[in-house]
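Note sheet for the following structure.
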Amino acid sequence: SDSSLSSIPNAAPKSNKMQTSMRRALTGNESRRFRDHAKENLQKTSHIVKKHVRQVVTGSTERRLRDWAKESKVVKTVDKFSFVLGVTVLCTTEFMLLEHPDHFGMYYVVLLSVMMALRLYMYAKNKWLYFLLDFCYWVNASCVVSVLYAPNNAQLWRLNYACTNGVLLGAIVAWRNSLVFHSLDKVTSIAIHLLPGLLTFLQRWSPTGNMCNAIDNDCSIGIMGALLEPLLFYMCWQALYILKTEILDRKIMLANPDIKTSLRWLTRDTKNPMHKIAKRVCRSMGVLGPNEDFDPESLKTKFVFWIGQLIFVLVTLLPIPSLFASVKANAFYILFVLMTAVYNGSNYYFEVFAARYMQKLEEKQQAWNAKEQQVADSSIGSTNSIAENGSEKEVAIKDE
């Protein structure tokens, strides 16, 4: 035991000596730790790669990618690409609808997944995530379940038919959704409201649909399937929505008034048709004073819009029995909704977009020019300071 104890003090110097040797071999300095050496090399490599990427993309190692992306020419390129993508999606959807209706369900799931991933990223960046709790996403989730997990469930397909051809298509007209090809956000909104209607249209009228056979004269949806079941489906969503936003996340909502929700947006958007109608009705009934506006945090305002949304759902469900009974009426209604979106898009392009787009590009260009001028001025100031210091030194030398 004495020999083993005596050998312990010798172990530490040997270990330290080996560590020192390895540090000297790997880092060039025996007192420098491996982790510090690796961290510094990683930072150097990252800096080199960043400069290389900046040079390749922007043409300058000093120009940041985020600044380059805000330049007007880059904005134009992105919008052009979005326009091509939007038109491609429209043409592809028409092709799948007419040539491969049996595979339209999987096409819908794939396209929706891609668009929702992009929307999730954009909405998270802008604090708009609570918009993803809206009823339209609830209905789309139900359609995805029908396609992937319950393709032979006729009752679920009929429920989805009523919600998509009623509430979602009606929302395009009521909220004046626009088919603006260069805007990914607007194209996604149209897709979320229109594609489920096309999907359930095929399930209702295609010979291979699972809702019911198109030549079956006994196929009907009834009051229960057209009104009561969709209303119950909607009320379940509304209860969960209130639970999430008013109870579970109440502290988060109160602490972050800049977080956007459908209720906050509707109560503040004075140009929205539902806002105008609700305010006019509430003032005529004495619920609101003559000069009183909606307060998104008041319980009174919340009840007004919850009841208003329920009435909207009920109204949009009323045509469902007629649409379910006639393929021509169903097709004409979908075409009417699509033409409304196209018309709204044309108004946007000719009345709003032209002036706003040019103003947007000019502002970005002016901001970029001002930033470049600021950098140039600071560089000139530094050069003048150096020159002045040099002149002072020369004068002092001559005086000596």
(request) Answer with yes or no whether ASP399 is more than 31 Å from the chain's Cα centre (by Cα) and either open to solvent by 100 Å² or more (accessible area, probe 1.4 Å) or modelled with pLDDT of 75 or more (or both). (result) yes
(request) Taking MET211 as meeting all but one of (1) modelled with pLDDT under 90; (2) open to solvent by 20 Å² or more (accessible area, probe 1.4 Å), write down the number of the exception. (result) (2)
(request) Return only the number of the condition from (1) among the small types (Gly, Ala, Ser); (2) more than 22 Å from ASN160 (Cβ to Cβ); (3) exposed (fewer than 15 other Cβ atoms within 10 Å of the Cβ) that SER220 does not satisfy. (result) (2)
(message) If I filter segment 9-39 down to residues being among the small types (Gly, Ala, Ser) and assigned to a helix (DSSP H, G or I), which single residue comes out as modelled with the lowest pLDDT?
(response) ALA11
(message) Can you confirm whether LYS302 is charged (D, E, K, R), within 30 Å of LEU202 (Cβ to Cβ) and assigned to a helix (DSSP H, G or I)?
(response) no
(message) If ASN330 satisfies all but one of (1) open to solvent by less than 50 Å² (accessible area, probe 1.4 Å); (2) within 26 Å of the chain's Cα centre (by Cα), what's the number of the condition it fails?
(response) (2)
(request) Could you list all residues from segment 142-159 that are of a type in the set (A, V, I, L, M) and more than 23 Å from the chain's Cα centre (by Cα)? (result) VAL147, LEU148, ALA150, ALA154, LEU156, LEU159
(request) Please go through segment 94-110 and pick out each residue that is in contact with a Leu (Cβ under 7 Å, 6 or more places away or on another chain) and in contact (Cβ under 8 Å) with a residue 60 or more places away in the chain. (result) LEU97, PRO101, PHE104, GLY105, TYR108
(message) Give all pairs with beta carbons closer than 8 Å in which a residue from segment 148-161 that is within 17 Å of PHE104 (Cβ to Cβ) meets a residue that is open to solvent by 40 Å² or more (accessible area, probe 1.4 Å) and among the polar types (S, T, N, Q); count only pairs at least 6 apart in sequence or on separate chains.
(response) PRO151/ASN210; ASN152/ASN210; TRP157/ASN210
(request) Name the single residue, out of those in segment 223-279 being assigned to a loop (DSSP other than H, G, I, E, B) and over 22 Å from the mean Cα position of the chain (by Cα), that is nearest to PHE324 (Cα to Cα). (result) LYS271
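The values are calculated or read from the model by the stated rules, or taken from the named source; none is laboratory data. The shown structure was predicted, so the numbers you read here are calculated from the model rather than taken from an experiment. Ideal geometry is used to build each Cβ from the backbone, glycine not excepted, and the neighbour counts take in all protein chains shown. For accessibility, only protein heavy atoms count, side chains too; no ligands or nucleic acids. Shrake-Rupley method; radii C 1.70, N 1.55, O 1.52, S 1.80 Å.
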